[in-house]
Amino acid sequence: EPAHLSERPRRKQDVEKEKAEVARLVDLARRCNVIVQVPTTHVGRITDYVQKSSDAIGTSTSESGTTYEVRVLGSSNRKDESLLFVHCSCPTVAQELLRSLANTAYISRIIKKTYVLGDGKRIVCSSDATLCTIDSVASEALELVAKSETITRNGADPTAIRIRISSFPPNVAQKLISSIEEVDVDNTISLSPTKASHTLSVIELASGGAYILDLSQDIGTDDYSWGTASTTKSDRICRAQHKIAEVFHRYRGGMLINELQGCVAIDCGSSPGGWSLFLAEQVKCRRIHSVDPAELAQEVIDREAVSHLQMTIEKAIDTLSQSLVDENDKIGLFVSDMCLHDMPEQVDRLLEAREKGLLCKGAYFILTLKNVRSKAKATIDQRAAEQAKRLEPIAEEIDMLFLISNKPSERTIVGRVCRQ
């Protein structure tokens, strides 16, 4: 861009808007004690999980009358990755929250990083919420280290203090290290990425607008393994396996898995077989009709309960309905993650299986509704709701889920065929 254009003064309303945003983030930072770094596409879903999931968070009162609770205060609005600002009523609750998130595979694979902040955290920003320099952050960091209770109250030898810097975004760390080396002329602190005694967390709230600083004793390079999507056992066949695992975790309080043990299931569009493997290993279905013209992973084929019908779902429904012998052969669980161009097609196949007598009374269904024609959230929600409406005459206990594991264009509908 030509210099004379890049140097044009910014519009007053843009400056005021930026100041207001920095002020909002500073307010959230002052009130929070946990920060969770997540992809911007998942802010709403992670917020919903933390606020509503009984496994991640609960509000209770101890015998002494102390209330234990977790609240999401708000979030930043960055392009790719955002910050959730969370308030936990005490450090124990904060650790329980992080432990719950870390132990839930479909959540931990999405979270990038977490920060637990102490009472001594500092907010660095200018008085009018305009840009502050990295040098001012460095000076504040040195003062924080000098006055930190985690150092002074334990009588630690200052020469034994080694600090590693953990930052968001990552490039802030190198800038801060360079600035500290210039400002700290007396070498009062030692910076070390490994074998550190303390961690200095530096979180940029807005681009150069404000920062959070917090110093804590280092108890390990990483207490939790965040963002390990490709290494967990639960998705060794395909990452789509997280979808069905999440459904069973969330729907009906996680009790569905016990009710469906030993049932007959059909997995539509099953290749490479992640959902079929989950049904065999976790749900322990006695028979799984795994339907897909494509190949299945050998590990899935080797499962005794899995029968690969290498054909289209339309042909499979005809084949199975014609070979139906008695009620025990009927489908108790109909699942589909098929890649279809239109949402109605997913529901069409379920209705077809019911009309041909393939489903038992009270059979459950899990359908991934995929919309490839629009990226607008409101449009996707509306089209998914229309498909749920189609099922109301023949189904009950219907729940529409926007799973953590769903793509932005997907919704998952769960329910059961009417038992009458």
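Here is how the numbers come out for the structure above:
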| item | result |
| --- | --- |
| G254 modelled with pLDDT of 85 or more and either open to solvent by less than 10 Å² (accessible area, probe 1.4 Å) or within 21 Å of the chain's Cα centre (by Cα) (or both) | yes |
| Near pairs, Cβ below 7 angstrom, 6+ apart or cross-chain, from segment 320-347 (over 19 Å from A240 (Cβ atoms)) to any residue that is open to solvent by less than 50 Å² (accessible area, probe 1.4 Å) and polar (S, T, N, Q) | P344/Q387; V347/Q387 |
| Residue within segment 322-329 that is modelled with pLDDT of 95 or more and not in a helix (DSSP H, G or I) present | no |
| L277 vs. criteria within 19 Å of V417 (Cβ to Cβ) and in contact (Cβ under 8 Å) with a residue 40 or more places away in the chain | no |
| Segment 93-147, residues that are part of a helix (DSSP H, G or I), closer than 20 Å to L176 by Cβ and not hydroxyl-bearing (S, T, Y) | I134, D135, V137, A138, E140, A141, L142, E143, L144, V145, A146, K147 |
| Among (1) out of contact with any strand residue (DSSP E or B) (no Cβ under 7 Å at 6 or more places or on another chain); (2) within 25 Å of L279 (Cα to Cα); (3) part of a loop (DSSP other than H, G, I, E, B) - the single one L340 does not satisfy | (1) |
| Pairs, first among the basic types (K, R) in segment 395-411, second open to solvent by 40 Å² or more (accessible area, probe 1.4 Å), C-beta under 8 Å, six or more apart | R411/D381; R411/M400; R411/F402 |
| Filter result (in contact with a helix residue (DSSP H, G or I) (Cβ under 8 Å, 6 or more places away or on another chain) and open to solvent by less than 50 Å² (accessible area, probe 1.4 Å)) within segment 298-319 | V300, A305, V306, L309, M311, I313, I317 |
| Failed criterion for P393 (all others in (1) part of a loop (DSSP other than H, G, I, E, B); (2) in contact with a helix residue (DSSP H, G or I) (Cβ under 9 Å, 6 or more places away or on another chain) hold) | (2) |
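The values are calculated or read from the model by the stated rules, or taken from the named source; none is laboratory data. Note that this is a predicted model, so its numbers are computed, not measured. When we count neighbours, we look across all protein chains shown, and the Cβ atoms used for this are built from the backbone with ideal geometry, even at glycine. Side chains are part of the model used for accessible areas, which takes the heavy atoms of the whole protein and leaves out ligands, DNA and RNA. Shrake-Rupley method; radii C 1.70, N 1.55, O 1.52, S 1.80 Å.
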